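**Student:** Supplied in structure tokens, the structure appears directly below.
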Amino acid sequence: MSLYPGSPHLNGDGKYVLDLEKSMAEAIEDAMDEVFHKVKGTPIPEVGKEDRQLLYVAISRGVLKYLADHQETMSVFAIDEVNDTGHIDLNVTMNAHQTHV
């Protein structure tokens, strides 16, 4: 599976629409809905939803781009008898979600 932030796509009318399906932006939106409801006691208002989604996509794209651009500086450490280290290979796709293979 790829790490997909969500992205804007041109629709048939030549206008950009957001694709959040199976994306980090969708996960952020779901978490925001859950936390908002718990803290405020009401569902998150529909007013401003499109602007929030733009924010979620922008943040997701920035985070995943940064991680992908800097993954050579990341290491994984396994604490066991050998104390192994390994390399992280992030599969980031900026414009489409890729399913599990």
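Bear in mind that the values in this text are calculations on the coordinates, not laboratory data. Since the structure is predicted, the reported quantities are computational estimates derived from the model, not experimental observations. Backbone-built Cβ (ideal geometry, glycine too); neighbour counts: all protein chains shown.
**Student:** Shape call for segment 7-87 from the C-alpha gyration tensor, a ≥ b ≥ c root eigenvalues: rounded (a/c under 1.5), prolate (a/b greater than b/c) or oblate?
**Tutor:** oblate
**Student:** Modelling each spin label as a point 7 Å along the Cα-to-Cβ direction, I'd like the Ser75/Lys22 distance in nm, to one decimal.
**Tutor:** Going from the Ser75 label point to the Lys22 one covers 3.4 nm.
**Student:** Apply the Karplus parameterisation 6.51 cos²θ - 1.76 cosθ + 1.60, with θ equal to phi minus 60°, to every residue of segment 37-46 and state each ³J(HN,Hα) to the nearest whole Hz, in sequence, with x for glycine and proline.
**Tutor:** Using θ = phi - 60°, the values come out as 5, 5, 7, 8, x, 9, x, 5, x, 5 Hz.
**Student:** Among Ser7, Ser23, which comes first, then next, by fewest other beta-carbon atoms within 10 Å?
**Tutor:** Ser7, Ser23
**Student:** Please list the non-local residues whose amide H lies under 5 Å from the amide H of Asp19, H modeled 1.01 Å from N, same-chain partners needing a gap of 5 or more.
**Tutor:** Here the answer is Ser7, His9, since their amide H atoms fall under 5 Å of that of Asp19.
**Student:** Give the calculated FRET efficiency between His9 and Asp89 to the nearest 0.05, with a Förster radius of 22 Å applied to their Cβ-Cβ distance.
**Tutor:** Efficiency, from the Cβ-Cβ distance: 0.25.
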